[in-house]
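Down below is the structure, laid out as C-alpha coordinates.
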Amino acid sequence: MIAAAVYAVMQKDLLYAVLATGVISVVLSVFFYLLQAPDVAITEAAIGIALTTIIFIITIRNTSRDEDEYRDNHVEKF
Amino acid sequence: MKKLIIFITVAVLTYTLAVTFKDIPFGENRIGDLNNPGTVSAYYLQKAPEDLHVSNTITAVVVNFRGFDTLGEVTVLFLAATGLASILYRKEDEEEDERITLKSSSLVRTGAKILFPLMLVLGLYVFIHGHLTPGGGFQGGAIIATGFLLMLITYKRFNTNHNVMVWLESIAGLAFVGIGLFGLFRYGSFLQNTGWTGNLNDLVSGGLIPLIYIFIGIKVGTELTNVLDILLKIKPRKN
(Lines give C-alpha, C1' and ligand atoms only; values in the text may rest on other atoms or scores of the structure.)
Protein backbone atom coordinates (compact mmCIF):
# COMPACT_ATOMS: atom_id res chain seq x y z
CA MET A 1 0.00 0.00 0.00
CA ILE A 2 2.82 2.42 0.88
CA ALA A 3 4.67 1.35 -2.26
CA ALA A 4 1.59 2.16 -4.34
CA ALA A 5 1.27 5.54 -2.63
CA VAL A 6 4.92 6.43 -3.32
CA TYR A 7 4.48 5.27 -6.93
CA ALA A 8 1.39 7.47 -7.31
CA VAL A 9 3.28 10.54 -6.15
CA MET A 10 6.44 9.86 -8.16
CA GLN A 11 4.83 8.77 -11.43
CA LYS A 12 4.82 11.41 -14.17
CA ASP A 13 2.17 9.64 -16.24
CA LEU A 14 -1.04 10.66 -14.48
CA LEU A 15 -3.05 7.67 -15.71
CA TYR A 16 -0.72 5.23 -13.96
CA ALA A 17 -0.74 7.46 -10.87
CA VAL A 18 -4.55 7.25 -10.72
CA LEU A 19 -4.45 3.47 -11.13
CA ALA A 20 -1.94 3.34 -8.25
CA THR A 21 -4.40 5.23 -6.01
CA GLY A 22 -6.94 2.57 -6.97
CA VAL A 23 -4.51 -0.08 -5.72
CA ILE A 24 -4.24 1.86 -2.43
CA SER A 25 -8.03 1.64 -2.10
CA VAL A 26 -8.02 -2.12 -2.72
CA VAL A 27 -5.49 -2.74 0.05
CA LEU A 28 -7.22 -0.24 2.33
CA SER A 29 -10.57 -1.98 1.96
CA VAL A 30 -8.93 -5.31 2.82
CA PHE A 31 -7.45 -3.64 5.91
CA PHE A 32 -10.87 -2.29 6.90
CA TYR A 33 -12.29 -5.79 6.60
CA LEU A 34 -9.51 -7.28 8.71
CA LEU A 35 -10.03 -4.57 11.35
CA GLN A 36 -13.68 -5.70 11.67
CA ALA A 37 -15.31 -2.80 9.87
CA PRO A 38 -17.02 -4.61 6.98
CA ASP A 39 -19.42 -1.78 6.16
CA VAL A 40 -16.56 0.71 5.74
CA ALA A 41 -14.82 -1.92 3.61
CA ILE A 42 -17.86 -2.13 1.30
CA THR A 43 -17.97 1.66 0.97
CA GLU A 44 -14.26 1.90 0.30
CA ALA A 45 -14.49 -0.84 -2.33
CA ALA A 46 -17.40 0.76 -4.19
CA ILE A 47 -16.41 4.41 -3.96
CA GLY A 48 -12.61 4.31 -3.63
CA ILE A 49 -11.92 1.72 -6.29
CA ALA A 50 -14.62 2.33 -8.87
CA LEU A 51 -16.14 5.79 -8.63
CA THR A 52 -13.12 7.91 -7.66
CA THR A 53 -10.85 6.23 -10.19
CA ILE A 54 -13.38 6.71 -12.97
CA ILE A 55 -13.89 10.38 -12.12
CA PHE A 56 -10.11 10.94 -12.20
CA ILE A 57 -9.84 9.12 -15.52
CA ILE A 58 -12.59 11.29 -17.00
CA THR A 59 -10.70 14.36 -15.81
CA ILE A 60 -7.45 13.12 -17.35
CA ARG A 61 -9.22 12.42 -20.63
CA ASN A 62 -10.45 16.00 -20.74
CA THR A 63 -7.13 17.59 -19.79
CA SER A 64 -3.71 16.16 -20.52
CA ARG A 65 -2.15 12.90 -19.53
CA ASP A 66 1.43 13.85 -18.92
CA GLU A 67 2.51 15.97 -15.99
CA ASP A 68 5.62 17.50 -17.59
CA GLU A 69 3.82 18.38 -20.78
CA TYR A 70 1.16 20.21 -18.80
CA ARG A 71 3.74 22.13 -16.80
CA ASP A 72 5.64 23.18 -19.92
CA ASN A 73 2.49 24.45 -21.63
CA HIS A 74 1.52 26.27 -18.49
CA VAL A 75 4.86 28.03 -18.13
CA GLU A 76 4.92 29.07 -21.79
CA LYS A 77 1.53 30.69 -21.58
CA PHE A 78 2.40 33.05 -18.77
CA MET B 1 16.30 28.62 3.36
CA LYS B 2 13.10 27.25 1.90
CA LYS B 3 14.04 23.75 3.02
CA LEU B 4 14.76 25.03 6.52
CA ILE B 5 11.30 26.61 6.76
CA ILE B 6 9.69 23.38 5.57
CA PHE B 7 11.72 21.41 8.11
CA ILE B 8 10.73 23.72 10.99
CA THR B 9 7.05 23.57 10.00
CA VAL B 10 7.08 19.78 9.86
CA ALA B 11 8.91 19.60 13.20
CA VAL B 12 6.36 21.87 14.89
CA LEU B 13 3.45 19.87 13.45
CA THR B 14 5.00 16.58 14.52
CA TYR B 15 5.61 17.85 18.04
CA THR B 16 2.02 19.13 18.39
CA LEU B 17 0.58 15.85 17.15
CA ALA B 18 2.88 13.82 19.40
CA VAL B 19 1.89 15.85 22.48
CA THR B 20 -1.80 15.39 21.64
CA PHE B 21 -1.69 11.67 20.98
CA LYS B 22 0.76 10.81 23.76
CA ASP B 23 -1.89 10.37 26.45
CA ILE B 24 -4.49 8.49 24.41
CA PRO B 25 -4.46 4.82 25.39
CA PHE B 26 -4.77 2.67 22.30
CA GLY B 27 -6.13 -0.85 22.49
CA GLU B 28 -7.72 -0.46 25.90
CA ASN B 29 -11.33 -1.22 26.64
CA ARG B 30 -12.72 2.26 27.00
CA ILE B 31 -16.35 1.29 26.44
CA GLY B 32 -17.21 0.24 29.97
CA ASP B 33 -20.76 -0.86 30.81
CA LEU B 34 -24.02 0.99 31.17
CA ASN B 35 -23.66 1.66 34.90
CA ASN B 36 -20.11 2.91 34.57
CA PRO B 37 -19.82 4.13 31.01
CA GLY B 38 -16.44 5.19 29.70
CA THR B 39 -17.97 6.67 26.58
CA VAL B 40 -21.42 7.01 25.04
CA SER B 41 -20.88 3.82 23.03
CA ALA B 42 -21.85 1.64 26.00
CA TYR B 43 -25.33 3.15 25.85
CA TYR B 44 -25.62 2.53 22.09
CA LEU B 45 -24.29 -1.03 22.28
CA GLN B 46 -26.79 -1.95 24.97
CA LYS B 47 -29.83 -0.02 23.74
CA ALA B 48 -29.70 -0.93 20.04
CA PRO B 49 -30.44 -4.65 20.47
CA GLU B 50 -32.65 -4.19 23.54
CA ASP B 51 -34.97 -1.34 22.62
CA LEU B 52 -34.81 -1.17 18.84
CA HIS B 53 -34.28 -4.89 18.08
CA VAL B 54 -31.59 -4.01 15.55
CA SER B 55 -28.51 -6.20 15.39
CA ASN B 56 -26.41 -3.76 13.35
CA THR B 57 -25.58 -1.11 15.94
CA ILE B 58 -23.97 1.19 13.38
CA THR B 59 -27.24 1.38 11.46
CA ALA B 60 -29.12 2.10 14.68
CA VAL B 61 -26.75 4.97 15.44
CA VAL B 62 -26.76 6.39 11.93
CA VAL B 63 -30.49 6.23 11.28
CA ASN B 64 -32.05 6.35 14.71
CA PHE B 65 -29.90 8.01 17.36
CA ARG B 66 -28.19 10.33 14.86
CA GLY B 67 -30.94 10.38 12.25
CA PHE B 68 -31.02 14.13 11.92
CA ASP B 69 -27.32 14.24 11.03
CA THR B 70 -27.96 11.63 8.36
CA LEU B 71 -30.65 13.86 6.88
CA GLY B 72 -28.06 16.62 6.69
CA GLU B 73 -25.62 14.23 5.03
CA VAL B 74 -28.18 13.27 2.41
CA THR B 75 -28.88 16.97 1.83
CA VAL B 76 -25.16 17.64 1.27
CA LEU B 77 -25.03 14.86 -1.33
CA PHE B 78 -28.17 16.23 -3.00
CA LEU B 79 -26.74 19.75 -3.17
CA ALA B 80 -23.42 18.45 -4.56
CA ALA B 81 -25.24 16.53 -7.29
CA THR B 82 -27.45 19.52 -8.08
CA GLY B 83 -24.48 21.87 -8.32
CA LEU B 84 -22.61 19.51 -10.61
CA ALA B 85 -25.66 19.05 -12.80
CA SER B 86 -26.31 22.79 -13.05
CA ILE B 87 -22.71 23.40 -14.16
CA LEU B 88 -22.31 20.50 -16.56
CA TYR B 89 -25.79 19.65 -17.83
CA ARG B 90 -26.47 20.63 -21.38
CA LYS B 91 -29.74 20.41 -23.19
CA GLU B 92 -30.17 17.53 -25.55
CA ASP B 93 -31.06 19.58 -28.59
CA GLU B 94 -27.95 21.73 -28.25
CA GLU B 95 -25.65 19.18 -29.86
CA GLU B 96 -25.07 15.46 -30.20
CA ASP B 97 -25.30 14.02 -26.71
CA GLU B 98 -23.14 10.95 -26.97
CA ARG B 99 -20.85 9.48 -24.40
CA ILE B 100 -17.32 9.23 -25.65
CA THR B 101 -16.01 5.80 -24.80
CA LEU B 102 -13.65 3.47 -26.52
CA LYS B 103 -15.18 0.47 -28.21
CA SER B 104 -15.10 -2.32 -25.68
CA SER B 105 -14.26 -5.90 -26.52
CA SER B 106 -16.88 -8.62 -26.63
CA LEU B 107 -15.38 -10.15 -23.48
CA VAL B 108 -16.06 -6.96 -21.53
CA ARG B 109 -19.52 -6.58 -23.04
CA THR B 110 -20.61 -10.11 -22.17
CA GLY B 111 -19.12 -9.85 -18.70
CA ALA B 112 -20.87 -6.56 -18.04
CA LYS B 113 -24.19 -8.03 -19.20
CA ILE B 114 -23.84 -10.88 -16.70
CA LEU B 115 -22.50 -8.78 -13.83
CA PHE B 116 -24.95 -5.88 -14.08
CA PRO B 117 -28.08 -7.64 -12.67
CA LEU B 118 -25.97 -9.33 -9.99
CA MET B 119 -24.60 -5.98 -8.85
CA LEU B 120 -28.08 -4.49 -8.73
CA VAL B 121 -29.32 -7.41 -6.63
CA LEU B 122 -26.32 -7.12 -4.29
CA GLY B 123 -26.95 -3.40 -3.86
CA LEU B 124 -30.64 -3.98 -3.13
CA TYR B 125 -29.74 -6.75 -0.67
CA VAL B 126 -27.23 -4.54 1.14
CA PHE B 127 -29.67 -1.70 1.78
CA ILE B 128 -32.75 -3.83 2.45
CA HIS B 129 -30.79 -5.80 5.08
CA GLY B 130 -29.15 -2.61 6.40
CA HIS B 131 -30.36 -3.23 9.94
CA LEU B 132 -29.24 -6.90 10.02
CA THR B 133 -25.95 -7.19 8.15
CA PRO B 134 -23.01 -4.81 7.63
CA GLY B 135 -23.70 -2.06 5.18
CA GLY B 136 -26.73 0.07 4.55
CA GLY B 137 -28.24 2.74 2.35
CA PHE B 138 -25.07 4.56 1.37
CA GLN B 139 -23.14 1.38 0.64
CA GLY B 140 -25.99 -0.24 -1.31
CA GLY B 141 -26.53 2.93 -3.31
CA ALA B 142 -22.84 3.11 -4.17
CA ILE B 143 -22.87 -0.53 -5.33
CA ILE B 144 -25.89 0.14 -7.57
CA ALA B 145 -24.20 3.22 -9.02
CA THR B 146 -21.08 1.12 -9.74
CA GLY B 147 -23.25 -1.36 -11.64
CA PHE B 148 -24.75 1.41 -13.74
CA LEU B 149 -21.25 2.81 -14.30
CA LEU B 150 -20.14 -0.55 -15.71
CA MET B 151 -23.00 -0.50 -18.21
CA LEU B 152 -22.48 3.18 -19.08
CA ILE B 153 -18.83 2.76 -20.00
CA THR B 154 -19.33 -0.57 -21.75
CA TYR B 155 -22.34 0.11 -23.96
CA LYS B 156 -22.67 3.26 -25.99
CA ARG B 157 -26.38 2.76 -26.48
CA PHE B 158 -27.17 2.12 -22.81
CA ASN B 159 -29.02 5.15 -21.51
CA THR B 160 -30.64 5.89 -18.19
CA ASN B 161 -33.91 7.75 -18.24
CA HIS B 162 -32.98 11.08 -16.71
CA ASN B 163 -36.52 12.05 -15.70
CA VAL B 164 -37.23 8.74 -13.95
CA MET B 165 -33.96 9.07 -12.02
CA VAL B 166 -34.71 12.63 -10.92
CA TRP B 167 -38.24 11.71 -9.82
CA LEU B 168 -37.08 8.63 -7.89
CA GLU B 169 -34.42 10.69 -6.15
CA SER B 170 -36.84 13.47 -5.24
CA ILE B 171 -39.51 11.06 -3.98
CA ALA B 172 -36.97 9.18 -1.85
CA GLY B 173 -35.64 12.42 -0.35
CA LEU B 174 -39.13 13.70 0.41
CA ALA B 175 -40.08 10.34 1.92
CA PHE B 176 -37.17 10.60 4.37
CA VAL B 177 -38.36 14.06 5.45
CA GLY B 178 -41.93 12.75 5.51
CA ILE B 179 -40.98 9.94 7.91
CA GLY B 180 -39.30 12.56 10.09
CA LEU B 181 -42.40 14.73 10.09
CA PHE B 182 -44.57 11.68 10.84
CA GLY B 183 -42.48 11.12 13.96
CA LEU B 184 -42.75 14.80 14.83
CA PHE B 185 -46.55 14.91 14.68
CA ARG B 186 -47.31 11.41 15.93
CA TYR B 187 -44.72 10.99 18.72
CA GLY B 188 -43.53 14.50 19.41
CA SER B 189 -39.99 14.59 18.03
CA PHE B 190 -38.45 14.64 14.56
CA LEU B 191 -37.57 11.15 13.19
CA GLN B 192 -38.94 9.48 16.33
CA ASN B 193 -39.07 5.72 15.86
CA THR B 194 -42.32 3.85 16.30
CA GLY B 195 -42.90 1.82 19.43
CA TRP B 196 -43.37 -1.36 17.41
CA THR B 197 -39.98 -2.84 16.55
CA GLY B 198 -40.59 -6.56 15.92
CA ASN B 199 -38.17 -9.32 16.88
CA LEU B 200 -34.40 -9.20 16.81
CA ASN B 201 -32.94 -10.50 13.50
CA ASP B 202 -36.27 -10.44 11.61
CA LEU B 203 -36.33 -8.79 8.21
CA VAL B 204 -39.31 -6.63 9.23
CA SER B 205 -38.02 -5.22 12.50
CA GLY B 206 -36.47 -2.11 13.92
CA GLY B 207 -39.49 0.09 13.30
CA LEU B 208 -38.74 2.78 10.72
CA ILE B 209 -35.02 2.00 10.32
CA PRO B 210 -35.23 -0.34 7.28
CA LEU B 211 -37.74 1.97 5.61
CA ILE B 212 -35.45 4.99 5.98
CA TYR B 213 -32.45 3.02 4.74
CA ILE B 214 -34.33 1.82 1.66
CA PHE B 215 -35.14 5.42 0.77
CA ILE B 216 -31.53 6.50 1.39
CA GLY B 217 -30.32 3.63 -0.81
CA ILE B 218 -32.61 4.61 -3.70
CA LYS B 219 -31.60 8.24 -3.33
CA VAL B 220 -27.84 7.65 -3.23
CA GLY B 221 -27.96 5.14 -6.09
CA THR B 222 -29.92 7.37 -8.46
CA GLU B 223 -27.93 10.47 -7.52
CA LEU B 224 -24.53 8.90 -8.15
CA THR B 225 -25.78 7.35 -11.40
CA ASN B 226 -26.96 10.75 -12.60
CA VAL B 227 -23.66 12.38 -11.68
CA LEU B 228 -21.68 9.71 -13.56
CA ASP B 229 -23.99 9.94 -16.57
CA ILE B 230 -23.46 13.71 -16.74
CA LEU B 231 -19.70 13.41 -16.23
CA LEU B 232 -19.34 10.84 -19.00
CA LYS B 233 -21.07 13.15 -21.45
CA ILE B 234 -18.51 15.96 -21.18
CA LYS B 235 -16.74 16.51 -24.44
CA PRO B 236 -12.95 16.81 -24.38
CA ARG B 237 -11.90 20.38 -24.94
CA LYS B 238 -10.17 20.93 -28.25
CA ASN B 239 -6.90 22.74 -27.86
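A quick yes/no check of all residues on (1) modelled with pLDDT under 90; (2) within 14 Å of chain B (Cβ to nearest Cβ); (3) loosely packed, with under 15 Cβ neighbours inside 10 Å; (4) under 26 Å from B:E223 (Cβ atoms):
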residue	(1), (2), (3), (4)
A:Y7	yes, no, no, no
A:D13	yes, no, yes, no
A:I24	no, no, no, yes
A:V30	no, no, yes, no
A:F56	yes, yes, no, yes
*asked:* For the structure I just gave you, tell me whether B:G123 is of a type in the set (G, A, S) and either away from every other protein chain (no Cβ under 11 Å) or in a loop (DSSP other than H, G, I, E, B) (or both).
replied: no
*Selection within region B:173-193 - touching a Lys or Arg at 6+ places or on another chain (Cβ under 9 Å) and outside any helix (DSSP H, G or I)*: B:Q192
_Residue match in region B:188-198 (condition: without any contact (Cβ under 8 Å) to a residue 12 or more places away in the chain, within 14 Å of chain A (Cβ to nearest Cβ) and not charged (D, E, K, R))_ = no
_Top-ranked residue of region B:43-58 - restricted to ones that are out of contact with any Gly (no Cβ under 8 Å at 6 or more places or on another chain) and either in a loop (DSSP other than H, G, I, E, B) or among the β-branched types (V, I, T) (or both), ranked as farthest from the other protein chains (Cβ to nearest Cβ)_ = B:S55
_Just to be sure before I move on: is B:R237 over 25 Å from B:H129 (Cβ atoms) and either away from chain A (no Cβ under 11 Å) or at pLDDT 80 or above (or both) in the structure I sent?_
no
*Scan region B:202-218 and give yes if some residue there is over 18 Å from B:F65 (Cα atoms) and of a type in the set (V, I, T), otherwise no.*
yes
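The rows are residues; the columns are (1) within 14 Å of chain A (Cβ to nearest Cβ); (2) in contact with a Ser or Thr (Cβ under 9 Å, 6 or more places away or on another chain).
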site: B:G135; (1), (2): yes, yes
site: B:F138; (1), (2): yes, yes
site: B:I144; (1), (2): yes, yes
site: B:L200; (1), (2): no, yes
site: B:G207; (1), (2): no, yes
site: B:Y213; (1), (2): yes, yes
site: B:G217; (1), (2): yes, no
site: B:L224; (1), (2): yes, yes
*Within the set of pairs 6 or more residues apart or between chains, which connect a residue that is more than 8 Å from B:I209 (Cα to Cα) inside region B:53-64 to a residue that is part of a helix (DSSP H, G or I) and polar (S, T, N, Q) with Cβ atoms less than 8 Å apart?*
B:V54/B:N64; B:V62/B:T70
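The values are calculated or read from the model by the stated rules, or taken from the named source; none is laboratory data. For clarity, every value in this text was computed on a predicted model and none was experimentally measured. Quick reminder, even Gly has a Cβ in these numbers, built from the backbone with ideal geometry, and neighbours come from all protein chains shown.
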